[in-house]
Amino acid sequence: MARPRIAFLISTLADMGGAIKVATEVANALVEEYDVSFIQLADKGAPAFAIDPRIACLSLGIDAERIVDKAKALLGPLRRVIREQGIQVLLGVSADEVSAALLPCKLTRTPLVFCDHESLMSQIDLKKTMLVKRTLARQCARTVVLTEASRQAYIREFQIRPDKLLRIPNWIPDRLEERASSWDPASKRVIWAGRLDVEKGVDHLFEVARRVLPGRPGWAIDVYGRAVLGTSDFDLEAAAEEAGIGAQLVLKGQVHDLYERYPSYGVGILTSYRESLPLFLLEAKACGLPLVSFDVVTGPSEIISDGVNGYLIPPYDCDAFAAKLGALMDDDDLRQEFHEAAPQGLEQYSKAAIYPQWTALIHALL
């Protein structure tokens with residue numbers, strides 16, 4: 001009996017963003033039950049994450065930027081691939097790609113799923129974005145969001161039928177929780193990881209660093225990630241040097257073994273302006289790290305229990321953030337206490353809990 005055929009539509013597998021990371025994890029799991037493909041608009045280099053060799057990776061050779069241009073370029077090639085490959089369900093990972101796929105999927109009668117990795121409430125003032133997402137939520141067979149807060153926002157703002165909206169959070173790889181046992185309570189290093197851009201709050205990171213580091217010469221903050229061209233004019237490295245903390249605020253760049261590095265850090269911090277369900281916090285929590293984050297609209301409050309395994313800081317109070325982070329840095333017992341409470345709530349983010357939600361979605365559409 002032939003296995004159902006599903007595909008993920010993405011911009012490129014070379015992207016190291018969280019959405020592609022999650023899509024790869026899900027695809028690698030689903031290939032046990034389905035024939036799975038990645039359809040990328042353009043092949044821009046080696047995949048950023050390991051892909052099961054049973055997954056077919058196709059490229060349409062499209063390098064358009066605007067949604068309207070993507071839609072025109074995608075119409076013929078995507079319709080052809082869907083028919084030739086016998087794709088029965090298509091899952092789109094970004095609003096641009098899903099918008100461009102609406103017509104090809106309609107013409108081929110292929111159920112289209114919009115996987116929205118962003119927080120709707122943080123985009124409420126972006127009229128164009130809200131218009132696009134309202135259209136997608138109404139036209140797609142299903143929309144998948146990461147948090148219940150985002151699901152309720154879709155229902156409230158767009159009057160979408162609740163059965164068309166699913167909350168399926170990211171899962172944490174089982175191997176991560178095993179690393180919590182090797183957490184180093186004596187570590188005097190803090191970890192921050194993400195894109196070095198405006199949204200991730202690199203300016204906040206600097207403001208916090210210049211408050212906590214000068215008086216703690218034994219401590220350092222390691223920053224993992226790469227700059228995204230055109231998204232920030234804030235030079236974190238130059239600002240750190242000018243403030244005299246260049247040796248303590250260390251830019252580590254982009255790495256592929258972050259999982260291995262988490263346990264060597266004493267604290268994990270997130271300074272974003274907005275989030276949906278931040279993978280960094282989930283991963284650091286699974287590895288037993290005490291956490292500090294701004295309590296932005298969605299995400300951190302579903303991961304951190306304030307005063308139990310971390311601190312939630314009023315957005316964007318850098319003085320309060322620095323005070324709480326400094327308290328953790330100065331108190332070995334407090335870090336140990338938060339470490340021991342880190343597993344709280346992790347069970348809902350296990351693969352065992354989340355994988356069946358993906359298969360149930362696919363079977364419903366088949």
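Derivation of every value follows stated rules applied to the coordinates shown; laboratory data play no part. Owing to the predicted nature of the structure, the values given are computational and were not obtained by experimental measurement. Methodologically, a virtual Cβ is constructed for each residue, glycine included, from the backbone with ideal geometry; neighbour enumeration extends over all protein chains shown.
What to note about this one:
- Under 5 Å between amide hydrogens, built in the peptide plane, is the criterion, and for Leu251 it picks out Val223 among residues at least 5 positions away or on other chains.
- Sequence-ordered 3J(HN,Hα) estimates for the stretch 247-254 from the Karplus curve with 6.51, -1.76 and 1.60 and θ = phi - 60° stand at 7, 9, 9, 10, 7, 8, x, 9 Hz, glycine and proline given as x.
- Cα-Cα separations in the chain greater than 24 Å, expressed as whole percent: 59
- The angle between the Cα long axis of helix 18-30 and the longest principal axis of the Cα atoms of the chain comes to about 60 degrees, rounded to the nearest 10.
- Gain in span if fully extended, Val68 to Lys164, counting 0.36 nm per residue against the direct Cα distance: 32.0 nm
- Candidate lysines - alpha carbon under 26 Å from Lys200, same-chain residues fewer than 8 apart omitted: Lys21, Lys44, Lys127, Lys128, Lys133, Lys188, Lys252, Lys285, Lys324
- Net charge of the neighbourhood of Pro315, taken over other residues with C-beta under 12 Å away and scored Lys/Arg +1, Asp/Glu -1, is -2.
- Once the Cα atoms are used to define both axes, helix 332-341 deviates from the longest principal axis of the chain by about 30 degrees.
- In plain terms, the chain from Ala42 to Glu260 could stretch by 75.4 nm, reckoned as 0.36 nm per residue minus the Cα-Cα distance.
- Helix-only CD estimate at 222 nm, as mean residue ellipticity for the chain, using -39500 (n - 2.57) per DSSP H run (n ≥ 4): -12000 deg cm²/dmol
- The Cα atoms of the stretch 51-101 cover 32, 22, 19 Å along the three principal axes, with the biggest extent listed first.
- Length released on extending from Ser181 to Ala352, taking residue separation times 0.36 nm less the Cα-Cα span: 59.5 nm
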